[in-house]
Each structure stands twice: as structure tokens, then as C-alpha cells.
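Working notes, beginning with the structure itself.
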Amino acid sequence: MGKTVITYGTFDLFHIGHLNIIKRLSALGDRLVVAVSTDEFNAIKGKRPIVPYEQRLEIVQSIKYVDLAIPEDRWSQKREDIVTYDVDIMGMGADWEGKFDDLSDQVELVYLPRTDGISTTEMKRVLSAFDSRHVEELKRTIDNIGQIVKELS
């Protein structure tokens with residue numbers, strides 16, 4: 001059996017940055033295992049995904065570069081997964097660099113650069129701003145309608 005690569009992530013609001021990292025990690029070995037963080041584990045991490053876990057898992061499972069998608073439900077499972085899936089390389093985005101160095105006794109660690117101009121955090125920030133802006137516009141419109149009704153009365 002060839003080299004097995006594993007990665008971990010939430011994969012919320014799946015975008016080209018997610019696909020790029022999966023594609024690049026797939027190229028590092030013969031088999032790619034992707035662990036998708038459950039909603040419960042995300043709550044522990046202080047994250048609140050928009051897309052439910054079951055849908056995120058199905059999206060990841062459907063990607064041609066992914067050989068196996070599994071749940072990630074705790075920090076400590078990484079050591080277990082490395083043994084269970086006979087992992088040679090653990091790859092993560094560069095924003096995680098140094099956070100998993102304690103696993104270097106078990107596996108080769110690879111940190112890949114993020115795709116410029118896209119991140120789930122930024123997408124959520126933009127969507128949040130978009131929503132609040134439209135709420136404010138709606139309030140102004142209602143106030144304007146109220147003024148017109150007063151003037152016509």
C-alpha cells in the first residue's frame with residue numbers, strides 16, 4: 001500500500017480554498033483520508049458551522065480526490081487516526097503551523113499555504129455584514145413609508 005495522507009477540517013461553506021488544499025494533499029500520496037469536524041466538536045472549538053455536519057461530510061465524501069471521509073469529534077483522535085489508517089503524512093493549512101508538532105514522532109507534517117482571497121471566516125464576515133446592511137436598509141425604507149403615510153394623512 002502506498003502513502004496515506006490525512007487532514008482535518010470543518011469544511012463549512014465549502015469553497016475553492018477547501019478544494020485546493022484537498023487536491024494538493026491528495027497529490028502527496030496514494031490515499032487521502034479527510035476528517036470532518038462534527039458539530040459537537042466545533043462547539044468545543046468555539047465554532048458554529050452554518051452547514052450541518054452530515055451535509056459537510058457528504059460534500060467531502062463526494063470529492064474525487066478523497067478516498068475516505070471520517071468524523072472528527074475530539075482533539076486526541078489524531079494520534080489514533082494515524083495508527084488506524086496507517087498514515088504517513090498529516091497535512092494542514094499553514095494557519096495551523098506548529099500546532100501539531102507533537103505528532104512529528106508519528107507522522108510527517110506538511111503545512112500548505114492557504115488560497116489567497118478566500119476563507120470561510122471572511123465569507124461569514126461578509127455575509128454577516130450583508131445581512132445587517134440589508135436590515136438597516138429595510139428599517140430606513142419602513143421609516144420612509146411611515147413618513148409618507150403621515151404626510152398623506
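For region 1-37 versus region 63-118, the spacing of their alpha-carbon centroids is 8 Å. Starting from the amide H of Gly93, placed 1.01 Å from N in the peptide plane, find each other amide H under 5 Å away whose residue is 5 or more places distant or on another chain. Amide H to amide H, under 5 Å and 5 or more residues apart or across chains, Gly93 pairs with Leu112. Over region 78-122, all Cα pairs binned in 10 Å intervals from 0 give whole-percent P(r) values of 25, 47, 22, 6, listed from short to long. Annotation for Asp105 and Arg140: the two label points, set 7 Å from Cα along the Cα-Cβ direction, are 6.1 nm apart.
If you roll a 1.4 angstrom probe over the protein chains with everything in place, what fraction of the accessible area of region 1-90 belongs to carbon and sulfur, to the nearest %?
53
What the phi angles of region 39-48 give under the Karplus curve with 6.51, -1.76 and 1.60, with θ = phi - 60°, is a coupling list of 4, 5, 5, 4, 4, 4, 7, x, 9, 10 Hz, glycine and proline written as x. The gain in end-to-end length when the Leu19 to Glu80 segment is fully stretched comes to 19.4 nm, 0.36 nm per residue minus the alpha carbon separation. For region 4-116, the solvent-accessible area of protein heavy atoms averages 51 Å² per residue (probe radius 1.4 Å; ligands and nucleic acids excluded). Take every Cα pair under 8 Å whose residues are at least 6 apart in sequence, average their separation, divide by the length of region 4-116, and the relative contact order is 31 percent.
The values are calculated or read from the model by the stated rules, or taken from the named source; none is laboratory data. Small disclaimer: the values here were computed from a predicted structure and weren't measured. Reconstructed Cβ throughout: ideal geometry from the backbone, glycine too, with neighbour counts over all protein chains shown. For the accessible areas, the whole protein counts, side chains as well, though only heavy atoms, and no ligand, DNA or RNA atoms are used. Shrake-Rupley method; radii C 1.70, N 1.55, O 1.52, S 1.80 Å.
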